[in-house]
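Encoded as structure tokens, the structure appears first; notes follow it.
The values are calculated or read from the model by the stated rules, or taken from the named source; none is laboratory data. On a predicted model such as this, the values are computed, not experimentally measured, just so you know. FYI the Cβ positions are ideal-geometry reconstructions off the backbone, even for glycines, and counts take in every protein chain you see. Quick note on the areas: whole protein, heavy atoms, side chains included, nothing else; ligands and nucleic acids left out. Shrake-Rupley method; radii C 1.70, N 1.55, O 1.52, S 1.80 Å.
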Amino acid sequence: MKKYKKVNYPIEDVRHYLEPSPTVLLTSAFKEERNVMTLGWYTIMEFVPSLIGCMISGGNHSFELIRKSKECVINLPTLELSKTVVSIGNCSGTEIDKFEEFNLNTAEGEMVNAPLLVNCYANFECRLYDSKLVNDYNFFIFEIVKAHVAKVPKYPKTIHYRGNGHFVQSGKNIIILSAK
């Protein structure tokens with residue numbers, strides 16, 4: 001087995017190696033206001049119920065919309081939307097209407113009021129499941145209450161954020177069997 005020579009590394013940058021999830025677009029709405037934000041980190045917390053956790057900065061426009069509405073939609077974009085994903089992440093919904101600015105096509109959710117992004121491969125309607133960590137850590141725990149997923153391609157090309165403008169494109173899907 002290969003051995004790696006290692007050097008000290010800044011702990012504030014370790015996320016560049018530990019953030020493997022596809023970058024998503026999180027949509028939210030409260031009353032007449034709505035927003036979309038780019039989210040590069042979240043974690044699956046449970047399978048049944050289907051729980052997902054994510055940290056949303058308190059300074060982000062979506063934070064209050066989600067805190068008040070207690071719901072959102074996690075939209076999975078494909079590689080072809082990568083420039084839009086980055087552009088959405090580099091502007092504020094308090095200054096522009098991102099849906100209009102980026103020509104985002106939407107549909108109504110079945111279980112939540114936040115919009116679904118039609119041009120994304122999948123949409124996961126979420127409701128706030130547990131808010132205990134929101135005040136201290138801006139950490140939301142959502143239950144996915146409805147999933148809409150395209151049938152093809154089976155494995156869409158997605159992008160995965162590594163920090164500082166660096167992304168990894170999903171690659172070849174392989175099956176690895178246990179060594180035992």
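Below is a table of values for the structure above.
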| read-out | value |
| --- | --- |
| Table column - 3J(HN,Hα) (Hz), the stretch 103-116, Karplus curve with 6.51, -1.76, 1.60, x for Gly and Pro | 6, 7, 7, 10, 9, 7, x, 8, 10, 10, 8, 5, x, 8 |
| Amide H contacts under 5 Å for Gly163, placed H, 5+ residues apart | none |
| Apportionment of accessible area to carbon and sulfur, the chain, percent (1.4 Å) | 53 |
| Prolate/oblate/rounded call for the stretch 23-101, Cα gyration tensor, a/c under 1.5 rounded | oblate |
| ³J(HN,Hα) computed for each position of the stretch 72-89 - Karplus, 6.51 cos²θ - 1.76 cosθ + 1.60, integer Hz, glycine/proline x | 6, 10, 9, 10, 9, x, 9, 3, 4, 9, 4, 5, 5, 4, 5, 4, 4, x |
| Where the Cα pairs of the stretch 5-46 fall when distances are cut into 5 Å bins, in % | 5, 16, 17, 17, 15, 12, 9, 5, 2, 2, 1 |
| Accessible area in square angstrom per residue, the stretch 1-61, 1.4 angstrom probe | 71 |
| GNM result for the chain, Cα springs below 10 Å: residue of Val24, Val112, Val36 fluctuating most strongly | Val112 |
| Asn90 versus Asn103: modelled label distance in nm, points set 7 Å from Cα along the beta carbon direction | 1.9 |
| Cα gyration tensor shape of the stretch 113-180, rounded if a/c is under 1.5, else prolate or oblate by comparing a/b with b/c | prolate |
| Charge dipole of the chain about the Cα centre (unit charges at C-beta), most positive-ward option of Leu128, Tyr42, Val73 | Tyr42 |
| Amide H contacts under 5 Å for Lys157, placed H, 5+ residues apart | Leu79 |
| Per DSSP, loop GluC sites (Glu not before Pro) in the stretch 2-74 with at most 12 further Cβ within 10 Å | Glu32 |
| Per-residue HN-Hα couplings for the stretch 90-101 [Karplus 6.51, -1.76, 1.60; θ = phi - 60°; Hz; x = Gly/Pro] | 9, 9, 10, x, 6, 9, 9, 8, 5, 5, 6, 4 |
| Set of lysines with alpha-carbon distance to Lys68 below 30 Å, sequence-local pairs under 8 removed | Lys31, Lys83, Lys98, Lys132, Lys146 |
| Label point distance in nm, Leu128-Met55, each placed 7 Å from Cα along Cα→Cβ | 1.9 |
| Charge dipole (the stretch 36-180, unit charges on Cβ, about Cα centre) - positive-most of Asn90, Asn113, Pro156 | Pro156 |
| Gyration tensor (alpha-carbon) shape descriptor, the stretch 90-147, a/c threshold 1.5 | oblate |
| Calculated log₁₀ intensity ratio I(q)/I(0) where the Debye formula runs over C-alpha points of the chain, q = 0.09 Å⁻¹ | -0.34 |
| Long-range amide H partners of Asn119 with built H, under 5 Å | Asn105 |
| Inter-probe distance in nm under a simple model that places probes 7 Å from Cα toward Cβ, at Gln169 and Tyr155 | 1.5 |
| Sum of -39500 (n - 2.57) over DSSP H runs of 4+, divided by residues of the chain (222 nm, nearest 500) | -3500 deg cm²/dmol |
| Assigned charges on the beta-carbon of Lys, Arg, Asp, Glu; the chain dipole about Cα centre (debye) | 1180 |
